[in-house]
1. Restricting to the stretch 79-92, and then to whatever is surrounded by fewer than 18 Cβ atoms within 10 Å (Cβ to Cβ) and touching a strand residue (DSSP E or B) at 6+ places or on another chain (Cβ under 6 Å), can you tell me which residue is nearest to residue 60 (Cα to Cα)?
2. From the list 210, 314, 259, which one is buried (at least 16 other Cβ atoms within 10 Å of the Cβ) and in a loop (DSSP other than H, G, I, E, B)?
3. Scanning for something more than 28 Å from residue 39 (Cβ to Cβ), buried (at least 17 other Cβ atoms within 10 Å of the Cβ) and free of Cβ contacts under 8 Å to residues at least 12 places away in the same chain, does the stretch 324-344 turn up at least one residue?
4. Can you name the residue in the stretch 277-298 that is in contact (Cβ under 8 Å) with a residue 40 or more places away in the chain and part of a loop (DSSP other than H, G, I, E, B) and, of all such residues, is surrounded by the fewest Cβ atoms within 10 Å (Cβ to Cβ)?
5. Here's a check for you: in the stretch 179-204, which residue that is at pLDDT 95 or above and exposed (fewer than 14 other Cβ atoms within 10 Å of the Cβ) is farthest from residue 344 (Cα to Cα)?
6. From the list 240, 251, pick out the single residue that is under 18 Å from residue 179 (Cα atoms) and either in the same structural domain as residue 214 (by TED's automatic domain parsing) or surrounded by 21 or more Cβ atoms within 10 Å (Cβ to Cβ) (or both).
7. Given the structure, is residue 356 surrounded by fewer than 24 Cβ atoms within 10 Å (Cβ to Cβ), without any contact (Cβ under 8 Å) to a residue 24 or more places away in the chain and either within 25 Å of residue 406 (Cβ to Cβ) or in contact with a strand residue (DSSP E or B) (Cβ under 7 Å, 6 or more places away or on another chain) (or both)?
């Protein structure tokens, strides 16, 4: 068995050209010819992304002599047989400012291993060393990653320094992203474990202390959920710290989980500044904290508790599962709930966050066509490739999955006289599948296992519930479920105006374009289509959404109106019968007659 580690030397000297130069040293290549690969996707983002398209050039040599390397398909290469160490040199173009890939310029470098580190077929379980070279033009840059330093090796990096880092195998190698630069950084301890928060980008007067204090509370609440007695953190199986890496931009939002870190992107306006310290948390800041909570919860649920389809990952093809409603949906339920349990938000604010998600799901007709189980399976071809008709055809395994989790939690609490909850299910999943995931042969949750696992954890039979609401397209009986817990759910219209049943998008000229025409609504029945540009109602010009609302005040549901639109460059006229405003906004209130808290 090969005992020599693979060595990756990474150089980021071409800052203006956004190119990362990598050399891979393979001490013991396959004598029959070495196969290499680059993942086609990155775990946590379920879409084939063809990262190999960003490899601009690649060469191979053995004992100082060039040997032939040929691409076999989109993601794999083959080197001709050679005797002795094999060195692969290649260049990665890094200009994707997202959490999924790699980005390099004069201000920083960020990269995921799935974009930078070629895999060596047959040596996936061989230890890996990363020799990170300091860029010549960036003498003051530091290194932020959860990958451990290669202690005991000559040239081992010091904390936040350039040099050698080490991963036990290829899976670990590509699960520790790197951020290089001069970010704003703060550290805190949660349950005795070190956490780092790293913010890259222009962020004047960022209130690091406020963010760290709120995040610490969230982390400790989640640790207490899974390990109520020991308060043991999960990531010590792969690192001595957890790192939140946030790229701050003008208008972005997103995150991607890793085993001991997360990569985030956030809007500058969502983060608190020092002069806002006495102000209440803004909606944008709550969204950021919800994102932090979501990705940290994945440290347990997805990175260690996995569907069987992900144990292990198959990096060159889609990994289909119907269980993302559990792994993303449950996480989406707990992310805001943990804000409440951590004391970061109060009950009223939590209800607002909850109703926001309920409203989003109930405004999408696609929930009647696609179950969250099917949405999970189809994520590779549909969820990440949405178009103007997606609201009519799809449902989100994130948002409706969170409602299924909410429904299950309420159902379990009611049928156990509030002695059990979804928390008991999560702890069983953690104990059985997650706690020792990286220390034992990987085992994941079977596709049909959830009803029995829930019964084992709580004593409650949820088979019919799961079949109807996770594998079927029925709306959850939320009003009934809430009522049993002493909470009233009520619906009202968000506007008194009659409706065209469309979703608009305003372009740079504030013109109204139909982004989505909801199926069987007024616009659909009239013949309008997504992409149409609305310019007039009954001969009166429509300039923006505010003007549209002013015009609609003159009408009632059932009235017919003449609509003028441009479809491409053609003027067309349609007659629409306006519908009543939909009951699309819910509210939650505690029932004063109830004894439930």
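The values are calculated or read from the model by the stated rules, or taken from the named source; none is laboratory data. On a predicted model such as this, the values are computed, not experimentally measured, just so you know. Heads up, the Cβs are rebuilt from the backbone with ideal geometry, glycines too, and the neighbour counts pull from every protein chain shown.
1. Pass one, the stretch 79-92, residues surrounded by fewer than 18 Cβ atoms within 10 Å (Cβ to Cβ): 80-81, 83-85, 89.
Next, from what is left, pick out any that are touching a strand residue (DSSP E or B) at 6+ places or on another chain (Cβ under 6 Å): 80, 84, 89.
Values: 80: 9, 84: 12, 89: 6 Å.
Per the stated criteria, the residue is 89.
2. On the way: 210 fails: in a loop (DSSP other than H, G, I, E, B); 314 fails: buried (at least 16 other Cβ atoms within 10 Å of the Cβ).
When all the criteria are applied, what remains is 259.
3. Yes - at least one qualifying residue is present in the stretch 324-344.
4. 277
5. So the residue we want is 182.
6. On the way: 251 fails: under 18 Å from residue 179 (Cα atoms).
Matching residue, one of 240, 251: 240.
7. Numbers: surrounded by fewer than 24 Cβ atoms within 10 Å (Cβ to Cβ): yes; without any contact (Cβ under 8 Å) to a residue 24 or more places away in the chain: yes; either within 25 Å of residue 406 (Cβ to Cβ) or in contact with a strand residue (DSSP E or B) (Cβ under 7 Å, 6 or more places away or on another chain) (or both): yes.
So residue 356 fits the description; yes.
A quick yes/no check of all residues on (1) part of a strand (DSSP E or B); (2) free of Cβ contacts under 8 Å to residues at least 40 places away in the same chain; (3) surrounded by fewer than 20 Cβ atoms within 10 Å (Cβ to Cβ):
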residue	(1), (2), (3)
47	no, no, yes
52	no, yes, no
60	yes, yes, no
66	yes, yes, yes
70	yes, yes, yes
73	no, yes, yes
97	no, no, yes
110	yes, no, no
114	no, no, no
